[in-house]
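Written below as structure tokens is the structure these notes are about.
Since every read-out is calculated from the coordinates, none of them should be taken as a lab result. Everything numeric in this text was worked out from a predicted model, so none of it was measured. Using ideal geometry, Cβ is built from the backbone for each residue, glycine included, and neighbour counts are taken over all protein chains shown.
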Amino acid sequence: KGIYSFSFTPVSIPGMSETPLHMNEVCYGLDLRNYDTKRLRESNKLNLKWMMELYKAYPDKQNFFNKSLSKEINDIDKLAGTRDFKEQIIAGKTEEEIRKSWEPGLTNYKQNRKKYLLYK
């Protein structure tokens with residue numbers, strides 16, 4: 001149970017998630033059902049705090065980022081596009097340090113995209 005009081009039990013959903021990780025086991029975590037998604041969209045930022053908080057609370061750190069037992073793509077390296085994000089979380093980097101590491105790539109992207117913009 002740990003620090004979270006919200007519980008849920010993953011179940012098989014035919015055609016969607018037939019063999020979810022931890023199927024039929026009680027799991028604990030963040031309850032995001034009432035989170036203000038409008039505020040999240042307006043911030044125009046990925047909420048890194050959730051991933052950082054869950055990693056800190058997870059008792060089996062070695063297996064936190066392991067691929068799901070289902071056939072779905074659930075590999076954080078693929079989702080993030082690089083191993084850096086996972087390694088930064090494991091290393092205990094702050095949100096500010098992680099965001100700062102993205103700046104060179106974002107700057108390069110913004111510069112390169114200019115030549116493809118139809119309107120300014």
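Multiply the residue separation of Arg41 and Thr9 by 0.36 nm, subtract the distance between their alpha-carbon atoms, and state the gained length in nm to one decimal. Intermediate values should be presented prior to the final figure.
Values: separation 32, 0.36 × 32 = 11.52 nm, distance 2.81 nm.
Length gained between Arg41 and Thr9: 8.7 nm.
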Nearest 10, in degrees from 0 to 90: the angle of helix 48-57 to the longest Cα principal axis of the chain is 30 degrees
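Please compute the contact order of the range 36-116 in relative form: average sequence separation of alpha-carbon pairs under 8 Å and at least six residues apart, divided by the residue count, as a percent.
Values: 28 pairs, mean separation 14.2, N = 81.
Over the range 36-116, the number comes to 18 percent.
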Between Gly29 and residues 5 or more places away or on another chain, the pairs with built amide H atoms under 5 Å apart involve Phe6
If the chain between Leu32 and Lys110 were fully extended at 0.36 nm per residue, the gain over the current Cα-Cα distance would be 24.9 nm
Between the Cα axis of helix 95-113 and the main Cα principal axis of the chain, the angle (0 to 90°, nearest 10) is 50 degrees
If every Lys and Arg gets +1 and every Asp and Glu gets -1 at its Cβ, then about the Cα centre the chain yields a dipole, in debye to the nearest 20, of 740 debye
Two pseudo-spin positions, 7 Å from Cα along C-beta at Glu18 and at Ile90, lie apart in nanometres by 3.2 nm
For volume of the Cα convex hull per residue in Å³, with candidates (1) 159; (2) 171; (3) 143, the value calculated from the shown model is option (2)
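Given Lys78/Lys120; Lys86/Lys114; Lys61/Lys93; Lys49/Lys120; Lys45/Lys78, which pairs have Cα atoms separated by over 26 Å? Each step should come with its number before you reach the end.
Working: Lys78/Lys120 32 Å; Lys86/Lys114 30 Å; Lys61/Lys93 15 Å; Lys49/Lys120 34 Å; Lys45/Lys78 19 Å.
Over 26 Å Cα-Cα: Lys78/Lys120; Lys86/Lys114; Lys49/Lys120.
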